[in-house]
Amino acid sequence: MKLTGTTVTKIASYVLIAAGLTVLAFPFVREYVQDREQQRILQELEQSLSSGDLVRSYNIQAEYSRLSNVLDEGLEQAAMKAEASESPEDSQESMDDKTIAIIQIDKIDLKLPILEGATAKNMKVGAGHMTETAPLGEIGNSAVAAHRARTKGRMFNRLDEMEVGDRIDIRMRNSSVAYQVTDIKVVLPTDLSVLKSDGDKAVLTLITCDPLVNPTHRLIVHAEKIEDQG
């Protein structure tokens, strides 16, 4: 097939038009591709964050469930169980290695060591910080649990005497923080809402059993960090 000059000119015109349209469309195509890639990355990130939240939620729930069992056993039974399961290596471990702070509440004449981990072993000698919750003094909800010993003044025995506005002092190795009680309530042992964070606030949650004998619920004391302590 022999191409005439007119045909060649038309083809050349079409090629030039197509090339021009391609040049004009390129920025839009590039933006479209970039937007698609951005959306893909955002979606993957959101899924990752959501997965992380689910994992953290599951870990908190599992730890709270273990804590509930320890509290239900009571101080004496939990202490005997902890001692029975203690290995020689555990008995040689320095308690100072796990002690992270001291909690002091003048209102109820309380001073207790806080150990990392709300376990039966730790809670036979003091209060336990739930590892899956926020570090003490930092933004988030820091949960600390202790038994309510039957001897008056021991452990969290007098925690039910706390009132809104009372002060709680936490002294760590290199710093200290003060909290003010904002809320006190009694909840079911399965109520995980007590461990929720409240925006950018640093919250302390104290947990113990209620009532003192044959407990069926949990006594919860919420307190917020007092700023500008100097």
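No value in this document is a laboratory result; all are computed from the given coordinates. Predicted, not measured: the structure shown is a model, and the values here were computed from it.
In plain terms, the chain from Lys152 to Leu192 could stretch by 11.6 nm, reckoned as 0.36 nm per residue minus the Cα-Cα distance. Put simply, the Cα atoms of the stretch 151-201 extend 37, 36, 21 Å along their principal axes, the longest span coming first. Beyond 20 Å, the tail of the calculated P(r) for the stretch 169-228 holds 35 percent of the Cα pairs.
The stretch between Lys111 and Thr182 holds 23.5 nm of extra length on full extension. This uses 0.36 nm per residue minus the Cα-Cα distance.
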